[in-house]
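The values are calculated or read from the model by the stated rules, or taken from the named source; none is laboratory data. All values reported here derive from a predicted model rather than from experimental measurement. Cβ atoms come from the backbone with ideal geometry, glycine included; neighbour counts cover every protein chain shown. For the accessible areas, the whole protein counts, side chains as well, though only heavy atoms, and no ligand, DNA or RNA atoms are used. Shrake-Rupley method; radii C 1.70, N 1.55, O 1.52, S 1.80 Å.
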Amino acid sequence: MDAFRIHGGARLSGRIAIDGSKNASLPLMAAALLTDQPITLRGVPDLADIRNMSGLLGELGVDVQGDHGTITLLSCDDGSTHARYEMVRTMRAGICVLGPMLARRGRASVAMPGGCVFGERPVDLHLRGLEALGARIELRSGDIFAEADRLVGATIFLGGPFGSTVLGTANVMSAATLATGRTVIESAACEPEIADLAELLNAMGARISGAGTPRITIDGVDELGGADHTVMPDRIVASTYALAAAITNGDVTLNDFPYDNLLSVIDRLTALGVHVERLDPTEDPKRCAVQVTTQRVLRPVMITTQPYPGYPTDVQAQMMALLCLTEGNSIITEKIYPERFGHVAELSRMGARLFRQGPTVMIQGVTRLVGAPVMASDLRGSACLVLAGLAAEGTTTVSRVYHLDRGYSRMEETLNALGARIERFNADAPEEQAVPMPARVVEVVA
Ligand code: EPU
């Protein structure tokens with residue numbers, strides 16, 4: 001298994017561009033199941049999760065040309081309607097094929113995804129929404145089996161104990177495009193990835209309004225056609241690299257930064273003493289260049305994760321790494337996944353002073369972190385440990401970077417292009433051999 005060896009202490013500087021969003025791309029790819037016409041997606045990131053989704057769609061009769069950048073998907077309705085456990089297990093987002101497949105083919109079965117390291121992660125709201133559209137749903141040998149002659153529009157409340165559901169909203173909204181009559185989703189997820197999906201669906205001929213707000217209205221149509229769509233920039237990757245700049249006291253320019261979709265993160269960074277400046281106010285605020293710089297002493301802050309437009313849970317772990325090095329006590333409360341704290345024990349091994357009680361962690365700032373061998377068991381927790389390693393004294397080894405590869409395209413190359421010193425190596429090799437990778441530089445300014 002690959003691992004990273006990080007030599008800490010380098011100050012990052014230069015310019016990189018933010019890739020297209022993973023979490024937007026996955027339901028966008030699943031939308032190809034709603035039509036027999038080609039769907040072209042541009043700016044799809046080069047990630048393990050995208051390849052897994054292509055593999056899953058391939059099994060469902062979708063021909064996928066290309067694996068990143070510009071990809072074209074063409075669905076044939078004669079394909080299998082069964083998303084197997086082996087495919088969904090590696091990538092929970094596989095659940096987002098359920099709504100599109102059911103709406104167009106009249107039946108679908110998808111393996112129940114199961115829990116993950118940061119909690120139970122149920123799909124009851126997805127199923128409740130599809131049932132409200134008239135689907136008959138049952139659980140058969142661990143698979144969700146759904147059937148309907150034709151879905152019928154309805155008013156559906158999609159709120160749950162932790163807010164709405166992002167992929168549940170994607171599933172129900174996608175399915176409702178081919179239902180008869182009008183569907184209203186109340187308490188819909190407002191995440192920008194939902195608005196991006198609605199943009200594609202409307203380009204395919206759907207009639208959706210209100211996506212990006214808590215009430216989405218969908219007037220069903222008889223069929224959808226092909227479309228060409230550019231994926232929105234990845235707001236979680238953008239936040240992670242902004243935090244990498246901040247934790248190294250760097251000076252980094254990020255192109256294609258989704259500024260307007262990150263106001264909650266920018267608000268907390270500003271409170272800390274990190275400056276995120278737009279370089280050209282005439283550029284599209286959803287895809288613009290920003291410069292990230294940091295004042296010498298960072299102030300502590302309080303952060304509560306919330307559904308969009310609140311502070312994202314997917315940037316909680318990375319922010320914790322930075323808060324370890326502020327002057328004073330910060331508090332993070334996790335309201336989406338109260339168990340998403342696998343990184344806490346690992347940061348403590350690097351000298352962080354963290355005190356957790358249930359969904360809340362108090363972070364007592366320290367003046368330095370010290371390199372150590374660490375391991376995270378999820379994607380964003382791994383990103384947190386890489387950030388901590390960049391700032392730590394000495395060498396940090398982060399194992400199991402396959403978690404990172406799910407959501408960051410060759411992260412070590414991107415950071416090395418900014419001046420970091422990270423080697424990827426095979427931790428299982430008898431004589432551990434570090435393999436320095438060639439830098440993938442968009443443009444290095446300094
Ligand atoms: N929930 C329910 N019932 C459901 C669905 C969700 O109670 O039927 C709860 C969840 O347990 C959680 C909350 O609702 O407490 C929100 O979950 P949601 O369904 O919105 O999560 P998701 O759609 O499965 C997406 C992202 C996650 C991100 C969450 C929250 C994708 C592929 N995944 O998951 O991203 O954390 O929204 O914003 O879009 C990541 O990228 O690292 C990641 C985990």
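For the range 59-82, a residue qualifies if it is at pLDDT 95 or above and open to solvent by less than 40 Å² (accessible area, probe 1.4 Å), and the qualifying residues are Leu60, Gly61, Val62, Val64, Gly69, Ile71, Leu73, Ser75.
Rundown of residues vs (1) at pLDDT 95 or above; (2) in the same structural domain as Leu201 (by TED's automatic domain parsing); (3) under 11 Å from Ile18 (Cβ atoms), yes/no style:
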site: Arg215; (1), (2), (3): yes, yes, no
site: Val221; (1), (2), (3): yes, yes, no
site: Ala238; (1), (2), (3): yes, no, yes
site: Ile247; (1), (2), (3): yes, no, no
site: Gly250; (1), (2), (3): yes, no, no
site: Asp256; (1), (2), (3): yes, no, yes
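Which of the residues that make up the range 417-429 are at pLDDT 95 or above and open to solvent by less than 40 Å² (accessible area, probe 1.4 Å)? Ala417, Leu418, Gly419, Ala420, Ile422, Arg424, Phe425, listed by residue number.
Those residues that are over 25 Å from the mean Cα position of the chain (by Cα) and over 22 Å from Glu120 (Cα atoms), I need them from the range 331-361; list them, please. Listed by number, the residues that qualify are Ser348, Arg349, Met350, Gly351, Ala352, Arg353, Leu354, Phe355. Yes or no: Gly8 open to solvent by less than 30 Å² (accessible area, probe 1.4 Å) and either away from the ligand (no atom under 16 Å from the Cβ) or in contact (Cβ under 8 Å) with a residue 24 or more places away in the chain (or both)? Yes.
Based on what the data block shows, is Met319 open to solvent by 40 Å² or more (accessible area, probe 1.4 Å) and not hydroxyl-bearing (Ser, Thr, Tyr)? Considered against the rule, which asks whether it is open to solvent by 40 Å² or more (accessible area, probe 1.4 Å) and not hydroxyl-bearing (Ser, Thr, Tyr), Met319 comes out as no. Cβ-Cβ distances below 7 Å connect the following pairs, each with a first residue in the range 351-372 that is of a type in the set (Lys, Arg), a second residue that is not in a loop (DSSP other than H, G, I, E, B), and a separation of six or more residues or different chains: Arg353/Gln364; Arg356/Val344; Arg368/Glu393. Total residues in the range 261-279 satisfying the condition of being open to solvent by 60 Å² or more (accessible area, probe 1.4 Å) and farther than 16 Å from Thr305 by Cβ: the figure is 5. For beta carbons closer than 9 Å, sequence separation of 6+ or different chains, a first residue in the range 391-409 that is under 14 Å from Leu369 (Cα atoms) and a second that is open to solvent by less than 50 Å² (accessible area, probe 1.4 Å) and among the acidic types (Asp, Glu), there are no qualifying pairs.
The set of residues in the range 53-101 that are of a type in the set (Gly, Ala, Ser), over 22 Å from Thr177 (Cα atoms) and within 13 Å of the ligand (Cβ to nearest atom) is empty.
Confirm whether Ser109 is away from the ligand (no atom under 15 Å from the Cβ) and in contact with a Phe, Trp or Tyr (Cβ under 7 Å, 6 or more places away or on another chain). Taking the combined requirement at face value, the residue satisfies it.
For the range 159-185, taking the residues that are surrounded by fewer than 24 Cβ atoms within 10 Å (Cβ to Cβ) and within 15 Å of the ligand (Cβ to nearest atom), the one that is nearest to the chain's Cα centre (by Cα) is identified as Val166.
When the range 119-137 is filtered for residues that are on the phi < 0 side of the Ramachandran plot and either in contact with a strand residue (DSSP E or B) (Cβ under 6 Å, 6 or more places away or on another chain) or more than 8 Å from the ligand (Cβ to nearest atom) (or both), the ones remaining, listed by number, are Leu125, Leu127, Gly129, Leu130, Glu131, Ala132, Leu133, Ala135, Arg136, Ile137.
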